[in-house]
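> A single structure is presented below for examination.
Where a number appears in this text, it was derived from the coordinates with a stated rule and is not lab data. Since this is a predicted model, take the numbers as computed values, not measurements. Note that each Cβ is placed from the backbone with ideal geometry, even for glycine, and that neighbours are counted across all protein chains shown.
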Amino acid sequence: MFTPNRKSAPADLGLSHAAEIGPGLRRPDRVWSLLTPSVGWATLPFPDGSLLIVGEDMERSEAIRDAVFGAILTAGGIALVFGIIAGLFATRQTLRQMKRINVTVRAVERGDLSARTGAPVDARTDLDQLALAIDRMLDRIDTLVATIRRVSAEVAHDLRTPLTRVRHSVELALAQHDEELRSAALGEALAGLDEALRLFSAVLDLAEIDAGNARARFQPIDLAEIVDRVVDAYRAEIEASGRNISVSLAREALVAGDADLLARALANLIENALKYSGEHARIDVSVTEQADTLTMAVADDGPGVSDCEVSEMLRPFGRLDRARRASGNGLGLAIADAVARLHRGALAFARLQPGLAVEIRLPRAPAVTAARILDQVD
């Protein structure tokens, strides 16, 4: 059999070199291949004692090997250079984005709530998405802070009148020697304090509703029962004012919510209808169903409002010019709107000819909840 050997064969293949070829081999009679210094060779002994040496020139294989190694080194070097350049570019972009975010955060820390990172809307990188989220968060914070400042200013403005009246009444009571006049002045002071307390209570209620904590108290309720209860409470006052009231209810008006908050929202709508509808006006309270939505509405045939006045009416402490002479603090519709949003619904306005309808649209309770409330009724 062949015995391969990768050593370079010696130029003179004598007996002394036969041992290098393989053990037990005798001196060859003939050598049939001239070996060069760079040869891969093998030997084959014959029965007559002759030895066949077969060799192959390895220069071509070594040249291919060197060429492959050279190509790998060249390509690896080029890839390494481009990788370093790309890494430096990406690092520079990342550092630039991080610096932009850091500058914005430090500006906000100094009190500049208008600072923004300026991230593109179609953010592609993770840092751009983070910067965009920071911008949106700052927009929300800016809006909330502006709302707090505006509400604080309006609360202070609305408190000035009753507190001024309280001070004037107390001073008048102190100056009076007549017991009856002093009692009347103190009564006026108490009325002013009650008005201030009602304002504070309304502001706190609005903040609690906006916080959304009341969702933990949601129960299956029937809107028809709420409407009957609230309308009965206002019926005597409405009829005494010379107005008429009618009620129209859907057969199944089941929602998941807070009965007290929904009753308060409906009461605010009825009070607005009482204040701003004309004498002998008609007030219609209804609950209608449409697909998966239930609508609780209060409509009147009063003067109504224009489209541009709707946003002012929904703003906390927002009051139309023609309504400033009436009592109130401008929080009634704001609370009703907050209650609707708390129940994942919406407050909407529908202009009538004549008049206005204010609607609270709520999602219908799921079938499981509806079955549960029907079991309770049974």
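> Residue by residue through segment 71-80, which ³J(HN,Hα) values in whole Hz follow from phi under the Karplus form 6.51 cos²θ - 1.76 cosθ + 1.60 (θ = phi - 60°), with glycine and proline marked x?
5, 4, 5, 5, 5, x, x, 4, 4, 5
> Right, something else. Provide the gained length on full extension for the span Leu88 to Phe349, in nm with one decimal, where the gain is 0.36 nm per separating residue minus the Cα-Cα distance.
Contour length minus Cα-Cα distance gives 88.1 nm.
> Let me ask something else. For Glu188 and Ser152 in one chain, what is 0.36 nm times their gap in residues minus the Cα-Cα distance, to one decimal in nm?
Difference between extended and current length: 10.4 nm.
> At a Förster radius of 45 Å, what calculated FRET efficiency corresponds to the Cβ-Cβ distance of Ala71 and Lys99, to the nearest 0.05?
Using R0 = 45 Å, I get an efficiency of 0.60.
> Compute the distance from the alpha-carbon center of segment 104-167 to that of segment 44-100, in whole Å.
60
> Continuing with the same structure: Which length gain, in nm to one decimal place, applies between Leu52 and Asn244 when the Cα-Cα distance is subtracted from 0.36 nm times their residue separation?
Going from the current span to full extension adds 56.3 nm.
> So, R0 is 45 Å and r is the distance between the beta-carbons of Ala107 and Ala79; what FRET efficiency does that work out to, to 0.05?
Calculated value: 0.60.
> Once both labels are modelled 7 Å past Cα along the beta-carbon direction, what's the Arg235-Ala175 spacing in nm?
Result: 5.0 nm between the two label points.
> Test of the criteria: in segment 192-263, which trypsin sites (Lys or Arg not before Pro) are in a DSSP loop and have at most 11 other Cβ atoms within 10 angstrom of their Cβ?
Arg251
> So who's got an amide H within less than 5 Å of the one on Leu294, skipping anything under 5 residues away but keeping other chains? H placed 1.01 Å off N, in plane.
The answer is Leu362, Arg364.
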